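The structure appears right after this line, and notes come after that.
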Amino acid sequence: MTRALGLVPAVALAAALFAGAAAAQTIKIGVNEPLTGAFAASGTYVVNGAKIAADEINAKGGVLGKKIELVIEDNKSNPTEAAAVAEKLITSDKVPVLMGAWGSSLTLAVMPKLIEYETPMVVETSSSGKITTTGNPFIFRISPPSAVEAAAFKGIVDKLALKKVDFLVINNDWGRGTAEDFSKMMKDKGIGIGLVETMDQGAQDMSAQLSKIKSSDSETVIVTTAVDQLTLIFKQAAALGLKKRIITTGGSQNPDQIIAQAGAAANGTMHLTTFLPWFPDKTPNPEATNYFISEWKKRGFEFAGCTESFRGYDGIRTAAAAIEKAGKAEPAAIKAAFWDIKLKGLNGDIMFRKSGPEGKESGQSQPNVYLIEINEGKVEMKTL
Amino acid sequence: MSEFLQHLVNMLVLGGTYALLGIGLTLIFGIMNVVNFTHGVLYTFGAYIMFIVVHQLGLNFFLALPVAVLAGWLLGAAIELTLLRPLRGSDIDTTMLVMIGAWIAMQSGALWIWGGVAKSVATPFPEAPLVLGPVSVSWLRLFVLAAAAFLILVTYLLINRTRLGRAMRATFQDDDTASLMGVNVDLIYTSTFAIGSSLAAAAGALLGPVYVIFPQMGDLAAVKAFAIVILGGLGNITGAVIGGFILALAEELGAGYVSSGYRDAMGFVIIIAVLIFKPTGLFARSERVG
């Protein structure tokens with residue numbers, strides 16, 4: 001018995017070596033997403049979208065004659081873990097390029113590691129302005145920074161007749177950055193800024209903040225957080241009899257999940273989003289959008305996840321395009337190639353423009369932003 | 001003024017659930033002296049049982065509540081029998097490490113079975129809230145408050161007015177003497193842990209439908225439960241109830257009038273103050289040492 005047990009490590013070692021040998025035939029892309037913790041729902045959707053892209057690319061013969069292999073790690077919605085996971089992906093899995101890390105605070109925690117190991121990363125979701133303005137030349141972002149969201153929103157504030165707004169935002173770089181950028185835009189427009197309330201990312205009870213907002217003299221509340229907390233906010237706002245107009249930002253609302261979980265409490269809420277899976281024909285790339293949605297449904301995933309998962313899909317396609325352009329799976333070559341790629345994303349063309357201090361600019365693509373409204377449990381598009 | 005009234009109503013509904021979390025833990029941590037890190041997981045477990053019974057078995061919401069309480073009781077009894085009984089008499093650090101292990105294993109188990117995406121439970125209560133002048137509150141929260149009050153009362157009577165309760169108190173004061181007086185000490189250990197666990201599961205079953213259900217939901221709940229128990233004094237049921245309401249009041253008023261960014265810090269500021277000025281908790285009875 002003892003002898004038989006002694007064999008186990010040897011067998012495991014052999015298996016590990018075999019796996020290593022097999023992996024050399026593929027090109028790895030590191031995926032650093034929150035699969036547990038406060039952002040588990042969103043991170044899981046992004047990863048599922050990433051897998052669709054990898055399978056599609058591999059079915060067409062892969063990149064540089066090799067198959068793509070996603071090395072997926074869970075950053076637990078925790079910045080410390082996100083940095084540790086990035087280090088593990090780069091040093092131990094030897095990935096030449098990463099995608100991640102969903103949240104702004106998570107991405108910001110990863111960024112020093114990218115400089116340390118000189119490895120580029122596609123940022124698929126994060127919206128804090130800081131990410132592309134602090135001078136990290138390894139960052140290539142395909143999601144809109146909150147200033148771009150604010151600018152897109154600017155066109156509709158007159159139509160909505162906004163007079164004074166309150167903010168309820170998640171207490172991290174994402175939420176605070178959004179409150180800052182939207183306040184700036186609104187002040188320029190002569191709109192009053194009332195309360196700026198925050199909530200912890202794991203908080204489940206926002207009644208205190210909502211009670212305060214209920215008694216303020218604003219008519220609109222801008223809410224920034226991910227889908228699970230949004231669901232709670234809509235339910236609790238309804239329970240408190242809060243009658244103000246609610247507009248959410250950040251593109252992580254998954255409106256169908258909100259409709260399913262918050263029910264009537266979601267009616268009348270408006271959402272700034274970056275993808276229109278409900279109206280594929282109105283997207284910049286209808287053919288690809290239809291393919292993606294049918295593939296998503298074929299795999300049995302919930303339709304609600306589409307608004308989040310398309311970013312994983314676009315992110316992996318962006319990384320693969322850069323590898324192809326670079327001609328080799330090496331970090332420096334891929335980093336240089338990001339500047340030369342142009343591909344049709346599900347939400348507009350993906351091509352990087354320089355952003356941040358000269359000499360060490362980050363790449364920023366300019367995606368579209370849309371405003372939708374939930375009405376009688378249905379999603380309606382508003383023109384911006 | 002209307003805002004203040006709304007904060008007070010919020011405090012009442014929140015405090016009721018905090019009290020429920022607190023009394024379950026005060027039985028185990030306060031009376032049994034086990035630093036129970038599985039309290040949060042049992043809370044999560046109760047919520048998932050609710051989800052399974054209502055959505056996967058299709059049973060009635062009100063029927064699901066006792067099922068969750070019973071399931072929590074059974075899981076608690078199982079933990080006591082398999083993990084705590086072999087460790088009885090070993091030092092508090094060993095037990096604590098084992099309980100941390102159990103917490104991580106069970107939380108990972110929940111993640112493995114149900115995944116990280118949050119679930120929500122449909123309730124039979126109307127979505128429109130009850131409006132009383134400037135104040136409004138959801139029917140579900142009122143029901144939760146009533147159910148919590150009921151469970152707190154039952155637990156109080158059980159500990160202070162029944163033979164079982166007397167046997168429990170005797171056992172954890174001095175189990176040798178209790179055993180000499182004819183108390184089945186093994187049974188008392190198991191049932192105390194099971195009762196504490198079923199209260200945690202009950203809190204999860206009541207609050208799961210109010211919030212959303214996910215594997216880590218119990219972590220914050222457990223931290224608050226420990227805070228409440230320390231605030232109220234170890235093993236003191238009345239103290240845990242009042243502690244729950246004090247924590248809720250601090251959070252509501254802190255978020256409402258100081259800063260919502262520090263909402264969760266408010267409670268802990270009070271705890272630090274209590275530990276400095278009255279380290280045995282606000283309502284602790286004097287205790288014989290040694």
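Which number in (1) in contact with a Gly (Cβ under 9 Å, 6 or more places away or on another chain); (2) farther than 30 Å from residue A:239 by Cα marks the one condition that residue B:49 misses?
Single failed check for residue B:49: (2).
Out of (1) within 29 Å of residue A:159 (Cβ to Cβ); (2) crowded, with 18+ Cβ neighbours inside 10 Å, what's the single condition that is false for residue A:279?
(2)
Inspect the range A:55-64 for any residue being in contact with a Lys or Arg (Cβ under 6 Å, 6 or more places away or on another chain) and either polar (S, T, N, Q) or at pLDDT 90 or above (or both) and give the result as yes or no. Explain how you work it out, then say what you get.
Narrowing the range A:55-64 to residues in contact with a Lys or Arg (Cβ under 6 Å, 6 or more places away or on another chain): A:58.
Those still in the list that are either polar (S, T, N, Q) or at pLDDT 90 or above (or both) too: A:58.
Yes, there is a match, as at least one residue in the range A:55-64 is in contact with a Lys or Arg (Cβ under 6 Å, 6 or more places away or on another chain) and either polar (S, T, N, Q) or at pLDDT 90 or above (or both).
Could you pull out the residue among A:178, A:133 that is polar (S, T, N, Q), open to solvent by 10 Å² or more (accessible area, probe 1.4 Å) and touching a residue at least 60 places away in the same chain (Cβ under 8 Å)? I'd like the intermediate steps shown before the answer.
Working: A:178 fails: open to solvent by 10 Å² or more (accessible area, probe 1.4 Å).
One residue alone meets the criteria, A:133.
If you go through the range A:220-228 one residue at a time, do you hit one that is touching a strand residue (DSSP E or B) at 6+ places or on another chain (Cβ under 8 Å), surrounded by fewer than 24 Cβ atoms within 10 Å (Cβ to Cβ) and among the β-branched types (Val, Ile, Thr)? Please lay out each step first, then the result.
Initially, the range A:220-228 is screened for residues touching a strand residue (DSSP E or B) at 6+ places or on another chain (Cβ under 8 Å), giving A:220-226.
Right, trim to surrounded by fewer than 24 Cβ atoms within 10 Å (Cβ to Cβ) and you get A:220.
Checking the rest, the ones that are also among the β-branched types (Val, Ile, Thr) come to A:220.
Yes, because at least one residue in the range A:220-228 is touching a strand residue (DSSP E or B) at 6+ places or on another chain (Cβ under 8 Å), surrounded by fewer than 24 Cβ atoms within 10 Å (Cβ to Cβ) and among the β-branched types (Val, Ile, Thr).
Which numbered condition trips up residue B:50, out of (1) open to solvent by 10 Å² or more (accessible area, probe 1.4 Å); (2) more than 30 Å from residue B:94 (Cα to Cα)?
(1)
Would you be able to say whether some residue in the range B:207-225 is more than 14 Å from chain A (Cβ to nearest Cβ) and either more than 30 Å from residue A:234 (Cβ to Cβ) or open to solvent by 10 Å² or more (accessible area, probe 1.4 Å) (or both)?
Looking for residues that are more than 14 Å from chain A (Cβ to nearest Cβ) and either more than 30 Å from residue A:234 (Cβ to Cβ) or open to solvent by 10 Å² or more (accessible area, probe 1.4 Å) (or both), one finds none in the range B:207-225, hence no.
Matching residues to (1) within 20 Å of the chain's Cα centre (by Cα); (2) more than 11 Å from chain B (Cβ to nearest Cβ); (3) in a helix (DSSP H, G or I); (4) at pLDDT 90 or above:
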residue: A:203; (1), (2), (3), (4): no, no, no, no
residue: A:209; (1), (2), (3), (4): no, no, yes, yes
residue: A:213; (1), (2), (3), (4): no, no, yes, yes
residue: A:216; (1), (2), (3), (4): no, no, no, yes
residue: A:221; (1), (2), (3), (4): no, yes, no, yes
residue: A:234; (1), (2), (3), (4): no, no, yes, yes
residue: A:237; (1), (2), (3), (4): no, no, yes, yes
residue: A:241; (1), (2), (3), (4): no, no, no, no
residue: A:246; (1), (2), (3), (4): no, yes, no, yes
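Could you go through the range A:44-54 and let me know if any residue there is outside any helix (DSSP H, G or I) and modelled with pLDDT under 95.
No, because not a single residue in the range A:44-54 is outside any helix (DSSP H, G or I) and modelled with pLDDT under 95.
In the range A:51-63, which residue that is under 20 Å from the mean Cα position of the chain (by Cα) and more than 14 Å from residue A:321 (Cα to Cα) is most open to solvent (accessible area, probe 1.4 Å)?
A:51
Look at residue B:144 and say whether it is at the interface with another protein chain (Cβ under 10 Å from one of its Cβ atoms), surrounded by 19 or more Cβ atoms within 10 Å (Cβ to Cβ) and under 30 Å from residue A:242 (Cβ atoms). Reasoning before the result, please.
Working: at the interface with another protein chain (Cβ under 10 Å from one of its Cβ atoms): no; surrounded by 19 or more Cβ atoms within 10 Å (Cβ to Cβ): yes; under 30 Å from residue A:242 (Cβ atoms): yes.
Criteria not met by residue B:144.
Inspect all residues belonging to the range B:75-82 and state whether any of them is more than 12 Å from every other protein chain (Cβ to nearest Cβ), open to solvent by 40 Å² or more (accessible area, probe 1.4 Å) and farther than 26 Å from residue B:240 by Cβ. I'd like the intermediate steps shown before the answer.
Filtering the range B:75-82 for residues more than 12 Å from every other protein chain (Cβ to nearest Cβ) gives B:75-82.
Still in the running and open to solvent by 40 Å² or more (accessible area, probe 1.4 Å): B:75, B:78, B:81-82.
Now narrow it down to the ones that are farther than 26 Å from residue B:240 by Cβ: B:82.
Yes.
So which residues in the range A:261-273 are assigned to a loop (DSSP other than H, G, I, E, B) and either within 14 Å of another protein chain (Cβ to nearest Cβ) or open to solvent by 10 Å² or more (accessible area, probe 1.4 Å) (or both), if there are any at all?
Within the range A:261-273, A:267, A:268 meet the criteria.
Just the residues that are in a strand (DSSP E or B) and surrounded by 14 or more Cβ atoms within 10 Å (Cβ to Cβ), please, taken from the range A:366-381.
Correct list: A:370, A:371, A:372, A:373, A:374, A:379, A:381.
Being open to solvent by less than 20 Å² (accessible area, probe 1.4 Å) and not in a helix (DSSP H, G or I) is the filter; apply it to the range B:1-34 and report the residue that is modelled with the highest pLDDT.
Among those that are open to solvent by less than 20 Å² (accessible area, probe 1.4 Å) and not in a helix (DSSP H, G or I), it is B:34.
With the condition kept exactly as written, say whether any residue in the range B:249-256 is facing another protein chain (nearest Cβ under 9 Å), open to solvent by less than 60 Å² (accessible area, probe 1.4 Å), among the aliphatic types (A, V, I, L, M) and in contact (Cβ under 8 Å) with a residue 24 or more places away in the chain.
yes
Between A:147, A:151, which is touching an Asp or Glu at 6+ places or on another chain (Cβ under 7 Å), within 16 Å of residue A:369 (Cα to Cα) and assigned to a helix (DSSP H, G or I)?
Only one candidate qualifies: A:147.
Quick one: residue A:278 ticks every box in (1) assigned to a loop (DSSP other than H, G, I, E, B); (2) within 14 Å of chain B (Cβ to nearest Cβ) bar one, so which box is it?
(2)
Can you tell me how many residues in the range A:113-144 are part of a helix (DSSP H, G or I) and under 17 Å from residue A:361 (Cβ atoms)?
Qualifying residue count for the region: 6.
For residue A:165, only one of the following conditions fails: (1) without any contact (Cβ under 8 Å) to a residue 12 or more places away in the chain; (2) more than 22 Å from residue A:49 (Cα to Cα). What is its number?
Condition not satisfied by residue A:165: (1).
Among (1) of a type in the set (A, V, I, L, M, F, W, C); (2) more than 10 Å from every other protein chain (Cβ to nearest Cβ); (3) within 16 Å of residue A:208 (Cβ to Cβ), where does residue B:241 come up short?
Failing condition for residue B:241: (3).
Residues being buried (at least 24 other Cβ atoms within 10 Å of the Cβ) and either closer than 24 Å to residue A:235 by Cα or in contact with a His (Cβ under 8 Å, 6 or more places away or on another chain) (or both): count how many of those fall in the range A:181-197.
1
From the list A:217, A:228, A:188, pick out the single residue that is touching a residue at least 60 places away in the same chain (Cβ under 8 Å) and of a type in the set (Asp, Glu).
Testing whether each residue is touching a residue at least 60 places away in the same chain (Cβ under 8 Å) and of a type in the set (Asp, Glu) leaves just A:228.
Select, from A:161, A:151, A:147, the only residue that is hydrophobic (A, V, I, L, M, F, W, C), surrounded by fewer than 24 Cβ atoms within 10 Å (Cβ to Cβ), within 25 Å of residue A:32 (Cα to Cα) and modelled with pLDDT under 90.
Being hydrophobic (A, V, I, L, M, F, W, C), surrounded by fewer than 24 Cβ atoms within 10 Å (Cβ to Cβ), within 25 Å of residue A:32 (Cα to Cα) and modelled with pLDDT under 90 holds for just one of A:161, A:151, A:147, which is A:147.
The values are calculated or read from the model by the stated rules, or taken from the named source; none is laboratory data. Computed from a predicted model, the values in this text were never measured in an experiment. Cβ: placed from backbone, ideal geometry, glycine included. Neighbour counts: every protein chain shown. Remember, those area values only see protein heavy atoms, side chains included, never the ligands or the DNA or RNA. Shrake-Rupley method; radii C 1.70, N 1.55, O 1.52, S 1.80 Å.
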